[in-house]
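Note sheet for the following structure.
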Amino acid sequence: MNKVFVFCEGPTDQVIYATVKESLSQVQVPAEKPISVGGKSNFHPRILDTVAPELTAGEPGSYTSILVFRDQDAGEEPSAIQDAFAGIARELLRQWQLQPAFAPVQSWPNLFRLDEPPTLERPGLCLVLHIAAPPQLENLSLKNLTTDGYVLALALQDEVLERFAVESKVKSSSDVLRKLITHEVPEAISNGGIVFDEDKDYLAAYLCAARFWTVRRAEEKERLLHVILDRALRYTPEAFRCVLNSWGAAMKEVMR
């Protein structure tokens, strides 16, 4: 029986994964909850510790698959990220002296697949790599390409902003909230000499402008992510699919 492992950097990925998975309920996708490794430097040891025993014990003809969701930091090249994960795959396959390499997944510039099919003598390994490539947001200069960028792109949809704007403790409009989140709050913080250049910064501004802590009586960032994603899926499903289409593609690809 084939085994699928899913790895990601942190809890934001887990929240997005769960929501996309729910939206693809009629499609076969990995059933496993993603394993959060707690930062990009932890992928290597966590994947080896988790997958190596499964692969070593795997019977000839069996298939072990890995799906990875990885952010792209400023200055990083996608090829370097591919090389790092190809190195992990080669370590997993070292006893069979195999040297697999990634190939791009057709139509998806941020998806890559490494495949070493099983044989009668050994198990096989598939690794699908999803490198974060959220939509470019107008007039926002973001340092890194991260999972939070996908959430921010959905959070700034008019249909989603409007739901936050009509809350009884906000009573505003989507235009006012958008201006606060994308211009006025960042400008005030930047003018104070504080760096404001990551999608996480804008999500923090979103929390403040929408008075989320006051309205929801919850301080967990994950709660905000759930609300944004749920509202996007409900009120603007086409934007939800458009923004997160590569996530669904990655989940389908690892099952192929």
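The values are calculated or read from the model by the stated rules, or taken from the named source; none is laboratory data. The model shown is predicted, which means the values in this text are computed figures rather than measured ones. Here the Cβ positions follow ideal geometry from the backbone for every residue, glycine too, while neighbour counts run over all protein chains shown.
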### the range 115-152, subset closer than 30 Å to residue 179 by Cα and of a type in the set (Gly, Ala, Ser), residue modelled with the lowest pLDDT
141
### Query
Quick one: is residue 249 surrounded by 16 or more Cβ atoms within 10 Å (Cβ to Cβ), within 30 Å of residue 115 (Cβ to Cβ) and within 24 Å of the chain's Cα centre (by Cα)?
yes
### Query
When residue 161 is evaluated against the numbered criteria (1) in contact (Cβ under 8 Å) with a residue 24 or more places away in the chain; (2) crowded, with 19+ Cβ neighbours inside 10 Å, which criterion, by number, is the only one it fails?
(1)
### Task
Just name the residue that is surrounded by the fewest Cβ atoms within 10 Å (Cβ to Cβ) out of those in the range 84-115 that are under 20 Å from residue 52 (Cβ atoms) and aromatic (Phe, Trp, Tyr).
96
### Query
residue 91 is checked against (1) out of contact with any helix residue (DSSP H, G or I) (no Cβ under 8 Å at 6 or more places or on another chain); (2) at pLDDT 95 or above; (3) more than 17 Å from residue 8 (Cβ to Cβ); (4) not in a strand (DSSP E or B) and fails just one. What number does that condition carry?
(1)
### Query
How many residues are more than 16 Å from residue 124 (Cβ to Cβ) and hydroxyl-bearing (Ser, Thr, Tyr) when one looks only at the range 54-105?
1
### Task
Sort out which residues of the range 221-232 are buried (at least 19 other Cβ atoms within 10 Å of the Cβ) and either touching a Ser or Thr at 6+ places or on another chain (Cβ under 9 Å) or free of Cβ contacts under 8 Å to residues at least 40 places away in the same chain (or both), and write them in order of number.
224, 225, 227, 229, 232
### Message
Here's a check for you: in the range 169-194, which residue that is over 29 Å from the mean Cα position of the chain (by Cα) and touching a residue at least 24 places away in the same chain (Cβ under 8 Å) is farthest from residue 238 (Cα to Cα)?
### Response
169
## Note on the structure
Given the conditions (1) modelled with pLDDT of 95 or more; (2) more than 26 Å from residue 17 (Cα to Cα), every one holds for residue 156 apart from (2)
### Summary
Only one of 118, 134 is crowded, with 19+ Cβ neighbours inside 10 Å and assigned to a loop (DSSP other than H, G, I, E, B), namely 134
### Query
residue 15 passes all but one of (1) out of contact with any His (no Cβ under 9 Å at 6 or more places or on another chain); (2) outside any strand (DSSP E or B); which number fails?
(1)
#### Entry: Residue identified as modelled with pLDDT of 95 or more and under 15 Å from residue 246 (Cβ atoms) among 112, 102, 85, 43
112
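Among the listed residues 145, 129, identify the single one that is within 19 Å of residue 253 (Cα to Cα) and either surrounded by 23 or more Cβ atoms within 10 Å (Cβ to Cβ) or out of contact with any helix residue (DSSP H, G or I) (no Cβ under 8 Å at 6 or more places or on another chain) (or both).
129
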